[in-house]
Amino acid sequence: MSFVKKALGVAVATTFAATGLTLATAGTANACSTNDVCVYSDSAFGGYSMETYYSDASWATSRYAENQGIAPYSGDGVHNNVSSADNWDFSHDVVFYYNSDYKGPCAGVVVGGAIKHFENISLSNGKSMNDDMNSDHFNSTCAYMYNN
């Protein structure tokens, strides 16, 4: 999957750069742009989304694109917190942390990878990633790196 996604991203970027066209995402509301990571409020890349190219020390101060009033982290176990992630950055892994400021238990997504169901990932503190993660850091490493 990672190789296919990377090849697709390079092919699309090359085609659009060569022709000067822009990519329309009608019908794919949760599409993620090349070089970004996207996090979603629901499993399987559904619900609200936030797309970023930068590390974020606290999701509590960020907002989902579809609803400026809802943060990707609003306290442990809150239903609208992040539940899946898709890494379309083909140069960097991205690591998600349980606490703000890139601290606490972590799990990451490899270059071009994804975690479709945070509820399937157990952290070292005994909790699942689902609805509990609070920050992300590009080009970071963690003992647990995934691509599923």
### Task
Test D76 against the criterion of being outside any strand (DSSP E or B), out of contact with any strand residue (DSSP E or B) (no Cβ under 8 Å at 6 or more places or on another chain) and touching a residue at least 24 places away in the same chain (Cβ under 8 Å), and give yes or no.
yes
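So that you can scan it fast, the table gives a plain yes or no per residue for (1) more than 17 Å from C32 (Cβ to Cβ); (2) among the basic types (K, R); (3) without any contact (Cβ under 8 Å) to a residue 40 or more places away in the chain:
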residue	(1), (2), (3)
A60	yes, no, no
N67	yes, no, yes
P72	no, no, yes
F96	no, no, no
N99	yes, no, yes
L123	yes, no, yes
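How many of the residues in segment 134-148 are within 17 Å of C32 (Cβ to Cβ) and surrounded by 23 or more Cβ atoms within 10 Å (Cβ to Cβ)?
1
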## Note on the structure
Across (1) in a loop (DSSP other than H, G, I, E, B); (2) at pLDDT 95 or above, N67 clears everything bar (2)
#### Entry: Enumeration of residues in segment 110-132 that are assigned to a loop (DSSP other than H, G, I, E, B) and farther than 22 Å from A31 by Cβ
I121, L123, S124, N125, G126, K127, M129, N130, D131, D132
### Query
Just checking, which of A11, A18, A60 is modelled with pLDDT of 95 or more and part of a helix (DSSP H, G or I)?
A60
### Summary
How many residues of segment 90-109 are farther than 12 Å from H137 by Cα and assigned to a loop (DSSP other than H, G, I, E, B)? The answer is 2
## Note on the structure
Given (1) at pLDDT 95 or above; (2) surrounded by 19 or more Cβ atoms within 10 Å (Cβ to Cβ), K116 misses just (2)
### Summary
How many residues of segment 105-119 are closer than 17 Å to D76 by Cα and either free of Cβ contacts under 8 Å to residues at least 24 places away in the same chain or in contact with an Asp or Glu (Cβ under 9 Å, 6 or more places away or on another chain) (or both)? The answer is 3
### Residue, surrounded by the most Cβ atoms within 10 Å (Cβ to Cβ), within segment 44-84, restricted to residues that are over 16 Å from the mean Cα position of the chain (by Cα) and farther than 16 Å from S135 by Cβ
I70
## Note on the structure
Within segment 32-50, residues within 14 Å of N81 (Cα to Cα) and outside any helix (DSSP H, G or I) come out as C38, V39, Y40, S41, D42, G46, G47, Y48, S49, M50
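The values are calculated or read from the model by the stated rules, or taken from the named source; none is laboratory data. Everything numeric here is computed off the predicted structure, so don't read it as measured data. Glycine also receives a Cβ, built like all others from the backbone with ideal geometry; neighbour counts cover every protein chain displayed.
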